[in-house]
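Novice: Input: one structure, supplied below.
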Amino acid sequence: MNVLFITLDQFRGDSYGAAGHALVTTPTLDRIASEGVRLERHFSQAAPCAPGRAALYTGTYQMNNRVVANGTPLDAEFSNVAKVAREAGYDPTLFGYTDQGLDPRRATGFDDPRLDNYDGILPGFSVGLYLPESQAGWIQYLRQKGYEVENGWAPALRGEPLRPAEDSLSGFLTTRFVQWLSDQESGWFAHLSYLRPHPPYAAAGRFASKYDPADVEMPVAAVERERRHPIHDIAMSVSASAAPTDEGEMRKLRAQYYGMISEIDFQLGRVVDAIDARGEWDDTLVIITSDHGEQLGDHGLIEKLGFFPQSYHVLGLWRDPRLTNRGGSVDAFTENVDLLPTLCESIGVAVPAQCDGVSLSALLRGDHVPWRTNAHYEWDYRTYWINDATPHDTVDRNLSRQNLAVSVGDDTAYVQFGDGSFKCFDLALDPTWRSECRDPSRVLEAAQEQLVWRQEFLRREYTDMLLRPNRPGRWPAEFLLV
């Protein structure tokens, strides 16, 4: 099998056709969903980009991988999606970026330039096209074509509506992948890591005018200030995460986001066509997800942050031609940490002991099996204090307390904050997360569920081994070769 592993940065789980969105058109994603299995309640485990990707790539929760911010190094001892692909005999090749910072223990010295950013490439990947945060390769391409482009990745992206979609950042990546593909034999593994629909909110070419702002739905309003948690209030006071208060601006922002989704869907159509033209579409495993979601104005916020599900509920598509459950869907709670163990089973390698996720194979087949009753995710917001971005000087500045963990069930969502406070939402009464649960027994049950989750998923690489003459326990085969 070929493997096509795609991430669409900042893609909300409700914002494409197959998920039931009333406005956005996504024929390619809809086709892949009809030929595979759609994960209806699929969640990222952290935000923003580097934490979300660390969980995705290693199959571990943030409480174990400890990548808590853009810039936190990733421990080099972890296995990851590229390393397991190599175990299976693939040469996993990256198009885009992985946002994983260098383990400082692997640096050549304090002046190692790789310590200056978190743009590092996940260990194990070969590089087909590297697009760091600067997007330098794409900007150079635009200038060679005669476009006047401002310096900086954000100004370049804000200019996308003025250029045809064929020259967009997503188009540039897609073209490079198609060119690479033409030189490959069967049995390839490619990771296409697209930036869009990540902000700035500016769709490329004709897609910038595809959706009329008057047609988009308005977001879920924030609760009154006295009902907000302090971190919610802080996020709404920071310009980078505060949603526009003007209705026209809010509608325009949403229309551009949907335009970016349709444009990325168009580019994915080119990818599918290129694989199909080689006669390999029915020999290709396709996995599509995102590193995190997008608030899109809901609860007064944009970008990806906080404890609301819009930042963590992401698309999840798994298309394996060997499956008979094509066009099916999974309503159970699934998580990005599940994708690595599922991939391991699909390509015939052992699941790393570090993995917190569980293989989805049974669910993908349509089997009814015991499964988790809640989805979990975390957000660490210590960067507000590290970068001195918060105006709230009276808030506790103990960095280890600046985090939260969320458990989402069918009827209840529980948020535990590092300072000891909590929020518990009654989803049966109000699925918008604006009504808090006042029943002490339900609050206690939700808190205990999260506590048990944390206890179950403590790091365990060596916990099931005993140093004894007969070495009982779960010893990986490589340790027994002595």
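The values are calculated or read from the model by the stated rules, or taken from the named source; none is laboratory data. Since the model is a prediction, treat every value here as computed from it, not as a measurement. Counting neighbours? That spans all protein chains shown, and the Cβs are built from the backbone with ideal geometry, glycine included.
Novice: Does Tyr130 meet the test of being at pLDDT 95 or above, surrounded by fewer than 18 Cβ atoms within 10 Å (Cβ to Cβ) and within 20 Å of Ala190 (Cα to Cα)?
Specialist: Spelling it out, Tyr130 is indeed at pLDDT 95 or above, surrounded by fewer than 18 Cβ atoms within 10 Å (Cβ to Cβ) and within 20 Å of Ala190 (Cα to Cα).
Novice: List pairs: first in region 261-279 and farther than 14 Å from Ser168 by Cα, second among the aliphatic types (A, V, I, L, M) and part of a helix (DSSP H, G or I), Cβ under 8 Å, 6+ apart or cross-chain?
Specialist: From region 261-279, the pairs are Val271/Val178; Val272/Ile32; Ala274/Val178; Ala274/Leu181; Ile275/Leu181; Arg278/Leu181.
Novice: How many residues, within region 349-369, are within 25 Å of Asn64 (Cα to Cα) and part of a loop (DSSP other than H, G, I, E, B)?
Specialist: The total comes to 12.
Novice: Another question, if that's okay. Any residue that is touching a residue at least 40 places away in the same chain (Cβ under 8 Å), hydrophobic (A, V, I, L, M, F, W, C), surrounded by fewer than 16 Cβ atoms within 10 Å (Cβ to Cβ) and out of contact with any Ser or Thr (no Cβ under 7 Å at 6 or more places or on another chain) - is there at least one of those in region 210-231?
Specialist: yes
Novice: I've got another one for you. Hey, among the residues in region 447-470 that are touching a residue at least 40 places away in the same chain (Cβ under 8 Å) and under 17 Å from Cys424 (Cα atoms), which one's farthest from the chain's Cα centre (by Cα)?
Specialist: Top of the filtered list is Glu449.
Novice: A further question on this structure: Criterion first (aliphatic (A, V, I, L, M), assigned to a helix (DSSP H, G or I) and in contact (Cβ under 8 Å) with a residue 12 or more places away in the chain) does Leu305 satisfy it? Show your work before the answer.
Specialist: Working: aliphatic (A, V, I, L, M): yes; assigned to a helix (DSSP H, G or I): no; in contact (Cβ under 8 Å) with a residue 12 or more places away in the chain: yes.
Spelling it out, it is not the case that Leu305 is aliphatic (A, V, I, L, M), assigned to a helix (DSSP H, G or I) and in contact (Cβ under 8 Å) with a residue 12 or more places away in the chain.
Novice: Filter region 280-291 down to the residues that are in contact (Cβ under 8 Å) with a residue 60 or more places away in the chain and either out of contact with any strand residue (DSSP E or B) (no Cβ under 7 Å at 6 or more places or on another chain) or β-branched (Val, Ile, Thr) (or both) and list them by number. Let's see the steps before the verdict.
Specialist: Initially, region 280-291 is screened for residues in contact (Cβ under 8 Å) with a residue 60 or more places away in the chain, giving 280, 283-291.
Passing the criteria: Thr284, Val286, Ile287, Ile288, Thr289.
Novice: Suppose the filter is closer than 25 Å to Ala204 by Cα, in a strand (DSSP E or B) and touching a strand residue (DSSP E or B) at 6+ places or on another chain (Cβ under 8 Å); does Ile275 pass it?
Specialist: Numbers: closer than 25 Å to Ala204 by Cα: yes; in a strand (DSSP E or B): no; touching a strand residue (DSSP E or B) at 6+ places or on another chain (Cβ under 8 Å): yes.
Against the criterion (closer than 25 Å to Ala204 by Cα, in a strand (DSSP E or B) and touching a strand residue (DSSP E or B) at 6+ places or on another chain (Cβ under 8 Å)), Ile275 does not qualify.
Novice: For residues that are of a type in the set (S, T, N, Q) and surrounded by 15 or more Cβ atoms within 10 Å (Cβ to Cβ), scanning just region 412-431, find the one that is farthest from the chain's Cα centre (by Cα).
Specialist: Here the answer is Thr412.
Novice: If you don't mind, another one. Which of the residues belonging to region 152-184 are among the charged types (D, E, K, R) and closer than 15 Å to Gly128 by Cβ? First the steps, then the outcome.
Specialist: Our first condition is that a residue be among the charged types (D, E, K, R); within region 152-184, this holds for 158, 160, 163, 166-167, 176, 183.
Passing the criteria: Arg176, Asp183.
Novice: Identify, from the list Val358, Val349, the residue that is more than 16 Å from Arg53 (Cβ to Cβ), surrounded by fewer than 20 Cβ atoms within 10 Å (Cβ to Cβ) and within 18 Å of the chain's Cα centre (by Cα).
Specialist: Exactly one residue qualifies, and that residue is Val358.
Novice: Among the strands (runs of 3 or more DSSP E) contained in region 92-205, which hold 3 or more residues that are farther than 23 Å from Asn65 by Cα?
Specialist: Values: elements: 93-96, 126-130, 189-194.
Strands (runs of 3 or more DSSP E) meeting the threshold: 126-130, 189-194.
Novice: Check off (1) over 18 Å from Leu317 (Cα atoms); (2) over 21 Å from the mean Cα position of the chain (by Cα) for Asp283 and give me the number that stays unchecked.
Specialist: Only one criterion in (1) over 18 Å from Leu317 (Cα atoms); (2) over 21 Å from the mean Cα position of the chain (by Cα) is unmet by Asp283, namely (1).
Novice: Quick check, is Arg196 among the basic types (Lys, Arg), within 23 Å of His292 (Cα to Cα), in contact with a Leu (Cβ under 9 Å, 6 or more places away or on another chain) and at pLDDT 95 or above?
Specialist: yes
Novice: Can you work out which of the residues in region 57-71 that are under 18 Å from Glu133 (Cβ atoms) and not small (Gly, Ala, Ser) is surrounded by the most Cβ atoms within 10 Å (Cβ to Cβ)?
Specialist: Out of the qualifying residues, it is Tyr57.
Novice: Only one residue in Ala389, Ala375, Ala405 is modelled with pLDDT under 95, among the hydrophobic types (A, V, I, L, M, F, W, C) and either more than 26 Å from Leu427 (Cβ to Cβ) or buried (at least 20 other Cβ atoms within 10 Å of the Cβ) (or both), so which one is that?
Specialist: Ala389
Novice: Filtering region 183-205 down to residues that are out of contact with any helix residue (DSSP H, G or I) (no Cβ under 6 Å at 6 or more places or on another chain) and of a type in the set (D, E, K, R), which residue is surrounded by the most Cβ atoms within 10 Å (Cβ to Cβ)?
Specialist: Asp183
Novice: How many residues are of a type outside the set (Gly, Ala, Ser) and in a strand (DSSP E or B) if we restrict to region 46-91?
Specialist: The first filter runs over region 46-91 and keeps only residues of a type outside the set (Gly, Ala, Ser), leaving 48-49, 51, 53, 56-58, 60-68, 70, 72-75, 77-78, 80-81, 83-84, 86-87, 90-91.
Narrowing further to those that are in a strand (DSSP E or B): 73.
Qualifying residue count, region 46-91: 1.
Novice: Follow-up question, since we're still on this one. Is it true that Asp75 is surrounded by 15 or more Cβ atoms within 10 Å (Cβ to Cβ) and farther than 19 Å from Cys49 by Cβ?
Specialist: The answer is no for Asp75.
Novice: State all residues of region 243-295 that are more than 24 Å from Gln179 (Cα to Cα), surrounded by 19 or more Cβ atoms within 10 Å (Cβ to Cβ) and of a type in the set (D, E, K, R); if no residue qualifies, say none.
Specialist: If the condition is that a residue be more than 24 Å from Gln179 (Cα to Cα), surrounded by 19 or more Cβ atoms within 10 Å (Cβ to Cβ) and of a type in the set (D, E, K, R), then Arg251, Arg254, Asp291, Glu294 are the ones that fit.
Novice: Only one of (1) surrounded by 24 or more Cβ atoms within 10 Å (Cβ to Cβ); (2) modelled with pLDDT under 95 is not met by Arg105, so which one is it?
Specialist: For Arg105, the exception is condition (1).
Novice: Quick one: which of Phe125, Phe110 is closer than 21 Å to Leu173 by Cα and either at pLDDT below 95 or surrounded by 14 or more Cβ atoms within 10 Å (Cβ to Cβ) (or both)?
Specialist: It is Phe125.
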